[in-house]
Amino acid sequence: AFVEIDSPGYLRIKAQIDYTDSKSVDNSREIVIRAVEKIQTLLIDGEPGRSITESETFFLQNALIPVPEELIESFFISSNIINLGSIQDIEIKDYDVIFLANVPDFSNELSNRLNDFVKSGGGLVVFPGDNINASFYNQELHEKLNLLPASYGKILPIEGSNSVLSLQASGYNHPLVELWNDPGAGTLGDVKTFKAFELILKDGVDSNIAIQYNNGSAAVIEADVGLGKVYQFSSSADTEWNDLPVKAAFLPIVHRVVGSVISRMDSGLNIQVGDTFIRKVPQSWINKEATISHSKSETATFINAEISDDGGNVQFNQVNSSGIYDLKLTEPFELIQFSATSDPRESNPEKLSGPQIERLKEISSNFIESSSLNEITSAINQKRKGAEIWPLLLLAALLLTLLELYLSQKFSQEK
């Protein structure tokens with residue numbers, strides 16, 4: 001089913017089944033989504049060219065916004081193309097995704113800004129080309145900042161050979177390309193690459209190979225960095241190194257890259273009960289008191305944003321009930337909603353296996369095995385016999401102590 005959303009903001013979606021059982025709490029689920037009016041992208045062009053069609057970002061721009069000129073304003077993605085010399089005039093935190101297309105190198109100040117941008121929840125997509133300074137990317141962005149998941153190695157195919165690399169023709173395991181597991185969607189195997197960098201993954205980095213070449217080397221690597229996401233391509237964004245930009249697959253790949261960045265931004269909006277809620281908030285939240293409350297609760301918990309490199313973070317570790325939570329800032333008023341659900345495994349109707357039961361018996365001194373609710377209730381009551389009278393015994397002992405003190409004082413005064 002498709003639903004048209006009228007305005008941006010947080011929306012609650014609830015699914016429910018009408019079924020009566022002993023555990024009604026798992027008969028419904030609620031999630032929170034954030035509707036955005038427009039996704040803001042910034043394209044930094046490392047080789048603008050003499051005309052628009054010769055620029056490094058020409059195909060990228062058209063893949064991002066594949067509509068006629070009269071529909072560009074109403075399209076859900078907006079793009080701003082600049083060259084490296086204009087970056088100082090740009091507030092990069094106003095964008096959702098930044099593309100670097102054959103950008104040679106840049107200042108340490110911009111490197112740190114990009115690093116803060118990604119770790120605060122933004123997306124960075126890097127395309128190489130003949131202009132890039134591979135040593136800069138390797139030393140500054142990969143080794144020093146851990147912003148890029150891989151370093152750029154040797155040029156592929158090996159110089160002097162007549163071979164051309166093809167993208168993998170099957171086995172699409174990454175969400176970016178799982179669309180092509182459907183034979184009706186075609187294949188990526190007809191995409192030819194004439195030149196690419198070898199991408200060398202760093203040990204211990206949380207990354208995934210999204211697309212491979214037919215020789216097994218990585219064509220695209222995806223990594224979560226801080227609260228954001230990075231995509232590192234091995235070949236260019238134009239047709240100088242490959243023919244992907246003129247293939248039908250280029251548009252869905254680019255849109256899925258952008259979509260995964262936005263999904264990463266909102267991944268913390270739906271968590272499980274017991275998890276810690278973590279959310280990036282604007283600089284304006286710093287030193288201001290906010291509240292978090294369950295939608296069905298009349299009380300709220302006061303909370304403050306913690307200072308980070310580019311704004312602030314809110315953390316809340318008392319997510320003890322399922323449902324919708326409201327995070328509110330009063331002045332100026334801002335609202336963030338998130339959802340907590342119980343672990344689906346708690347609703348698993350399958351019986352415990354023999355080894356699982358034996359393990360429970362080992363760690364529990366009061367193990368009750370029964371499929372009848374009445375039997376379980378009776379067994380619990382039997383175990384609790386005598387437990388209800390200990391408060392009365394304690395009260396009696398206290399009264400006797402007070403009586404003894406009173407009598408001792410009384411008789412000592414009479415003497």
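How many lysine pairs does the stretch 269-364 hold where the Cα atoms are under 30 Å apart and the two sit 8 or more places apart or on different chains?
Details: 280/288; 280/296; 280/328; 288/296; 288/328; 296/328; 351/361.
Total qualifying Lys-Lys pairs in the stretch 269-364 comes to 7.
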Here the stretch 99-112 yields Karplus 3J(HN,Hα) values (6.51, -1.76, 1.60; θ = phi - 60°; whole Hz; Gly and Pro given as x) of 10, 9, 10, 6, 7, x, 6, 7, 5, 4, 5, 5, 4, 5
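By the gyration tensor of its Cα atoms, with a ≥ b ≥ c the square roots of the eigenvalues, what is the shape of the stretch 148-241: rounded for a/c under 1.5, prolate for a/b over b/c, or oblate? Mind showing how you got there, number by number?
Numbers: a/c = 1.98, a/b = 1.09, b/c = 1.82.
Verdict is oblate for the stretch 148-241.
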If one builds a Gaussian network model of the chain from Cα atoms under 10 Å apart, the most fluctuating residue listed among 352, 43, 199 is 352
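In debye to the nearest 20, how big a dipole does the stretch 269-364 give about its Cα centre with +1 on each Lys and Arg Cβ and -1 on each Asp and Glu Cβ?
Details: 9 positive and 14 negative charges, 52 e Å.
The calculation lands at about 260 debye.
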Tensor-based shape of the stretch 269-364 (alpha-carbon gyration tensor, a/c under 1.5 rounded, otherwise prolate or oblate):
prolate
Going by alpha carbons, how many degrees (0 to 90, nearest 10) lie between the helix axis of 390-414 and the longest principal axis of the chain?
50 degrees
With label points set 7 Å from each Cα along the Cα-to-Cβ direction at residue 247 and residue 190, the distance between them in nm comes to 1.0 nm
Amide H contacts under 5 Å for residue 273, restricted to residues at least 5 apart in sequence or on another chain and with H modeled in the peptide plane, are 341, 342, 343
Would you pull out the residues with amide H under 5 Å of residue 281's amide H, same chain only if 5 or more places away, H placed 1.01 Å from N?
312, 313, 314
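Counting Lys and Arg as +1 and Asp and Glu as -1, what is the net charge of the other residues whose Cβ lies under 13 Å from the Cβ of residue 31?
Numbers: positive: 12, 14, 29, 34; negative: 30, 266.
That works out to +2.
Given axes a ≥ b ≥ c from the Cα gyration tensor, I'd like to know whether the stretch 56-188 is rounded (a/c under 1.5), prolate (a/b larger than b/c) or oblate.
Working: a/c = 1.70, a/b = 1.10, b/c = 1.55.
Oblate is the answer for the stretch 56-188, as a/c is 1.5 or above yet b/c matches or exceeds a/b.
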Residue of 399, 165, 148 that the Gaussian network model of the chain assigns the largest fluctuation, springs spanning Cα pairs under 10 Å
399
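Which is the longest part of the chain that has none of the GluC sites (Glu not before Pro) sitting in a DSSP loop with at most 16 other Cβ atoms within 10 Å?
Working: sites that count: 4, 37, 73, 91, 159, 240, 298, 350, 369.
It works out to 160-239.
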Derived scalar couplings ³J(HN,Hα) [the stretch 184-195; Karplus, 6.51 cos²θ - 1.76 cosθ + 1.60; whole Hz; x for Gly, Pro]
x, 8, x, 8, 8, x, 8, 7, 10, 10, 8, 7
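Nothing charged except the Cβ atoms of Lys and Arg (+1) and of Asp and Glu (-1): what's the magnitude of the dipole of the stretch 16-112 about its Cα centre? Round to the nearest 20 debye. Spell out each step's value before the answer.
Values: 6 positive and 18 negative charges, 45 e Å.
Around 220 debye, computed over the stretch 16-112.
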Under the Karplus relation with 6.51, -1.76 and 1.60 and θ = phi - 60°, whole-Hz ³J(HN,Hα) for the stretch 288-297, x at Gly and Pro, equal 10, 8, 10, 10, 10, 9, 6, 4, 9, 9
For the chain, what proportion of DSSP beta bridges, expressed in % and rounded to the nearest 5, is antiparallel?
70 percent
In nm, to one decimal, how far is the residue 134 label point from the residue 306 one, both placed 7 Å along Cα→Cβ?
4.0 nm
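So, R0 is 41 Å and r is the distance between the beta-carbons of residue 377 and residue 402; what FRET efficiency does that work out to, to 0.05?
On the way: r = 39 Å, r/R0 = 0.94.
The computed FRET efficiency comes out at 0.60.
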For residue 210, the residues 5 or more places away or on another chain with a placed amide H closer than 5 Å to its own amide H are 220, 221, 222
Quick one: if you stick a label point 7 Å off each Cα along the C-beta vector at residue 206 and residue 93, how many nm between them?
2.2 nm
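Applying 1/(1 + (r/R0)^6) with R0 = 35 Å to the Cβ-Cβ distance of residue 317 and residue 80, what FRET efficiency is obtained, to the nearest 0.05? Let's see the in-between values first.
Numbers: r = 39 Å, r/R0 = 1.10.
Rounded to the nearest 0.05, the efficiency is 0.35.
Read-outs throughout are calculated quantities, based only on the coordinates presented, and are distinct from any laboratory measurement. Since the structure is predicted, the reported quantities are computational estimates derived from the model, not experimental observations. Virtual Cβ from ideal backbone geometry, glycine too; neighbours counted across all protein chains shown.
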